[in-house]
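First the structure, in the form of C-alpha cells, and then the observations on it.
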Amino acid sequence: ADANATIESLRADVSAGRKRLQVSATCPKSTTGASGMGDGESPRLTADAELNYYRLRSGIDKITAQVNYLQEYIRTQCLK
C-alpha cells in the first residue's frame, strides 16, 4: 500500500508540474534534403532506455503470472 501511495503521489506531482519525468531519448536527424527547424525524426528511446523498458515489462508479466498462480493455489489448496 505504501508503494502505491508513493507512485500515486509521484504521478500527481508530474501531472501538476511539481516534478518532471525524464525519458532518455534521441532525435535522429532527417537524412532528406536541407536541414532546418522541425526536420528531425520522431524522438526514440536510447538503446539502454529501450532495453530497460522491455526488462520492466517482462518483470511485470512474470510477477503477474506468479501472483495469479499463488491466488489460484490458495483458492484450490488452502481454502478447501
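Note on the stretch 3-14: residues that are surrounded by fewer than 11 Cβ atoms within 10 Å (Cβ to Cβ) and not polar (S, T, N, Q) total 4. Of all the numbered requirements in (1) surrounded by fewer than 10 Cβ atoms within 10 Å (Cβ to Cβ); (2) at pLDDT 90 or above; (3) in contact with a helix residue (DSSP H, G or I) (Cβ under 9 Å, 6 or more places away or on another chain), G17 misses one, and that requirement is (3).
May I ask you to list the residues in the stretch 40-78 that are among the hydrophobic types (A, V, I, L, M, F, W, C), under 16 Å from the mean Cα position of the chain (by Cα) and farther than 30 Å from C27 by Cβ? Across the stretch 40-78, the qualifying residue is only I63.
The values are calculated or read from the model by the stated rules, or taken from the named source; none is laboratory data. A quick note: this is a predicted structure, and the numbers were derived from the prediction, not measured. FYI the Cβ positions are ideal-geometry reconstructions off the backbone, even for glycines, and counts take in every protein chain you see.
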